[in-house]
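Contents: one structure, followed by commentary.
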Amino acid sequence: MGIFGRLFKRRKLELRLLHAGLELLKQRVEHLESLLAAATFPDSETVERLSKFAGESLAIQTMSLTIPGTLVAVHSDNFEIRDTNRRLVFIPAAKIISVTFDNK
């Protein structure tokens, strides 16, 4: 085998290694995406549990403000509350830091 044959064989091996590394990275990204999807707030259990509190007074904390009101509905992507001025407010779930119910 000549020098060109050895170089070709070596490049082919390097290409196979790169391809295997790329496949491994794809699998890891898919795994991380599935973990992230499972960890999103609120998950279906949380939506179901919080929906039982419809009509209850609460305060929703976001990064910039706290919104007091009455829980109207909980969805997978937002919370609906009626604020203290009786306006219907939709708060994106991604912006929510905490939910505190009034204990009366």
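Readers should treat all values here as calculations from the given coordinates under stated rules, not as data from a laboratory. Computed from a predicted model, the values in this text were never measured in an experiment. So basically every Cβ, Gly included, is an ideal-geometry build from the backbone, and we count neighbours across all protein chains shown.
Quick notes on this one:
- Point-charge dipole on Cβ atoms (K/R +1, D/E -1) for the chain, about Cα centre, debye to 20: 880
- Counted charge near PRO42, where neighbours are those whose Cβ lies closer than 14 Å (Asp, Glu -1; Lys, Arg +1): -2
- The order of the peptides 73-83, 22-32, 43-53 by mean Cβ neighbours within 10 Å, most packed first, is 73-83, 43-53, 22-32.
- Positive-pole candidate from SER57, ASN85, THR46, dipole of the chain, charges at beta carbon: THR46
- Computed from the alpha carbon positions, the gyration tensor of the chain leads to an equivalent ellipsoid with semi-axes of 55, 12, 9 Å, biggest first.
- Phi-derived couplings, Karplus 6.51 cos²θ - 1.76 cosθ + 1.60 at θ = phi - 60°, listed residue by residue for region 92-97: x, 4, 5, 8, 7, 9 Hz, with x used for Gly and Pro.
- Sorted on the mean count of surrounding Cβ atoms within 10 Å across their residues, most packed first, peptides 8-16, 64-72, 86-94 read 64-72, 86-94, 8-16.
- Positive minus negative residues near ALA73 (Lys, Arg vs Asp, Glu; Cβ under 11 Å): 0
- Dipole of the chain, positive end: most advanced residue of ALA94, GLY21, ALA73 [Cβ charges, Cα centre]: GLY21
- Using alpha-carbon coordinates, inclination of helix 3-38 to the longest axis of the chain, degrees: 10
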